[in-house]
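Enquirer: Following this message is one structure expressed as structure tokens.
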Amino acid sequence: MAIQSRLFDAGLYQGKQCVLHINLAPDGRLKSVTSEGGDPALCQAALAAARSANIPKPPSEAVYDKIKDAKLDFKL
């Protein structure tokens, strides 16, 4: 949700999709984000949204272990 809320003009990308690969630090800080395919314009917007998002710290180490290296599939 933190990334999605930073995706402005989402209506421009209706019917498009993009896959992002994110790597998080234990405090929720985004260590890296890359596009792994999809609509180029949506991927650029999603990358910018991810880089500017304030991702909250995971509530536990178990949750962090599940999300620290994740793929996000944006389908609009």
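Enquirer: Could you list all residues from segment 45-67 that are assigned to a loop (DSSP other than H, G, I, E, B) and crowded, with 16+ Cβ neighbours inside 10 Å?
Expert: Of all residues in segment 45-67, those assigned to a loop (DSSP other than H, G, I, E, B) come to 53-60.
Once the filter is applied, which keeps residues that are assigned to a loop (DSSP other than H, G, I, E, B) and crowded, with 16+ Cβ neighbours inside 10 Å, segment 45-67 yields ALA53, ILE55, PRO58.
Enquirer: In segment 1-44, which residues are outside any helix (DSSP H, G or I) and either of a type in the set (S, T, N, Q) or touching a Gly at 6+ places or on another chain (Cβ under 8 Å) (or both)?
Expert: Start the filter on segment 1-44 by keeping residues that are outside any helix (DSSP H, G or I), which leaves 1-3, 7-9, 14-39.
Matches in segment 1-44: GLN14, LYS16, GLN17, CYS18, VAL19, ASN23, SER32, THR34, SER35.
Enquirer: On the given criteria, is VAL19 surrounded by 12 or more Cβ atoms within 10 Å (Cβ to Cβ) and in contact (Cβ under 8 Å) with a residue 40 or more places away in the chain?
Expert: Yes, satisfied.
Enquirer: In segment 22-44, what count of residues is obtained for those that are surrounded by fewer than 17 Cβ atoms within 10 Å (Cβ to Cβ) and on the phi > 0 side of the Ramachandran plot?
Expert: Within segment 22-44, residues that are surrounded by fewer than 17 Cβ atoms within 10 Å (Cβ to Cβ) and on the phi > 0 side of the Ramachandran plot number 2.
Enquirer: Just give me the residues in segment 6-28 being basic (Lys, Arg) and modelled with pLDDT of 95 or more, in sequence order. Before the answer, list the steps.
Expert: Step one: list which residues in segment 6-28 are basic (Lys, Arg), which gives 6, 16.
Matches in segment 6-28: LYS16 only.
The values are calculated or read from the model by the stated rules, or taken from the named source; none is laboratory data. Owing to the predicted nature of the structure, the values given are computational and were not obtained by experimental measurement. Note that we place each Cβ from the backbone using ideal geometry, even for glycine, and neighbour counts take in every protein chain shown.
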